[in-house]
Amino acid sequence: MPGRLFLETPVTEIGQWAGRETVGVSDEPLRRNIAPGQEIVCLTADGFTRMRWGIIPVGRVNARGRPVMETIVNARSETVFDKSAFDGVGRAVVIVDGWYEWTGEKRKKTAWRITGAEPLVFSAITDLWIAPGGREVYQVATVTCEPNGDVKPIHHRMGVLLEKDAIDLWLTGTPEEVAPLMVPWPNGRLSIEEAADVDWDGA
């Protein structure tokens, strides 16, 4: 949806692939298990930076004017530009090697590793949380849509994936211009295999 992400390609190589400088994030370690709540490397219109994965919506309200309480890890593409809770958010992309999903009942779940032929570019929204003491925490949430035929057998949602040449449009385009990007990834371009070799409690 994605549930967790992984990046085993050096960020410098990701930057070269995307045609962007990686100043400030080149020392990012390789990570097999990136969970919500952890920092993750993102690309904004201003370049690569680190953000917390999960938007704490302090001060944000829903359509009824009630505070949004839950941390937003994934935002639905169908409503991301309509909900008042997302007013004023920025945009970024998260470039990784892939993500994980799970199937099955609790304590009997099977983990699945999902990859593509190239790095995967997740569309995302960003926000700034002013933490206690005035500390600024930049936050990011991935955007999701209906699953394609590859993902549908294991999950009812998937992240909105972008072609490399659509990154600039997502980062700077109007909501109307980027709306056509928020669709399921074409079928047949993802590989899914069981992930039985990951330490889910480790990094």
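The values are calculated or read from the model by the stated rules, or taken from the named source; none is laboratory data. Here the structure is a predicted model, which means the values were calculated and not measured. Cβ placement follows ideal geometry from the backbone for every residue including glycine, while neighbour counts extend to all protein chains displayed.
Odds and ends about this structure:
- Within the option set ALA179, ALA195, being of a type in the set (Gly, Ala, Ser), in contact with a Lys or Arg (Cβ under 7 Å, 6 or more places away or on another chain) and farther than 18 Å from LEU43 by Cα holds for one residue only, ALA195.
- Residue count for the stretch 82-110 under the criterion of being hydroxyl-bearing (Ser, Thr, Tyr) and free of Cβ contacts under 8 Å to residues at least 40 places away in the same chain: the result is 1.
- The listed residue being basic (Lys, Arg) and part of a strand (DSSP E or B), out of ARG107, ARG113: ARG113
- Candidate set: the stretch 1-23, residues that are surrounded by fewer than 20 Cβ atoms within 10 Å (Cβ to Cβ) and aliphatic (A, V, I, L, M); chosen: the one nearest to the chain's Cα centre (by Cα): MET1
- Restricting attention to the stretch 174-200 and to residues that are over 16 Å from VAL96 (Cα atoms) and surrounded by 15 or more Cβ atoms within 10 Å (Cβ to Cβ), the residue that is modelled with the lowest pLDDT turns out to be ALA195.
- Only a single criterion out of (1) among the small types (Gly, Ala, Ser); (2) farther than 19 Å from PHE48 by Cβ; (3) in contact with a Phe, Trp or Tyr (Cβ under 9 Å, 6 or more places away or on another chain) is not satisfied by ALA131, namely (3).
- From the list THR103, THR144, the lone residue that is within 17 Å of MET158 (Cβ to Cβ) and more than 19 Å from the chain's Cα centre (by Cα) is THR103.
- Selection of first residues in the stretch 186-203 that are within 16 Å of PRO153 (Cβ to Cβ) and of second residues that are at pLDDT 95 or above and among the aliphatic types (A, V, I, L, M), restricted to Cβ pairs under 6 Å at least 6 apart or on distinct chains, gives the following pairs, ordered by first then second residue: LEU190/ILE114; ILE192/ILE114.
- Selection from the stretch 18-36 of residues that are in contact with a Ser or Thr (Cβ under 8 Å, 6 or more places away or on another chain) and either outside any loop (DSSP other than H, G, I, E, B) or touching a residue at least 24 places away in the same chain (Cβ under 8 Å) (or both): THR22, GLY24, VAL25, PRO36
- Among the residues here, ILE167 does not qualify as under 18 Å from THR110 (Cβ atoms), modelled with pLDDT of 95 or more and of a type in the set (Val, Ile, Thr).
- Pairing each residue of the stretch 121-150 that is within 20 Å of SER191 (Cβ to Cβ) and part of a loop (DSSP other than H, G, I, E, B) with any residue that is aliphatic (A, V, I, L, M) and modelled with pLDDT of 95 or more, provided the two are 6+ apart or on different chains, yields C-beta distances under 7 Å for PRO147/MET158; ASN148/MET158; ASP150/LEU190; ASP150/ILE192.
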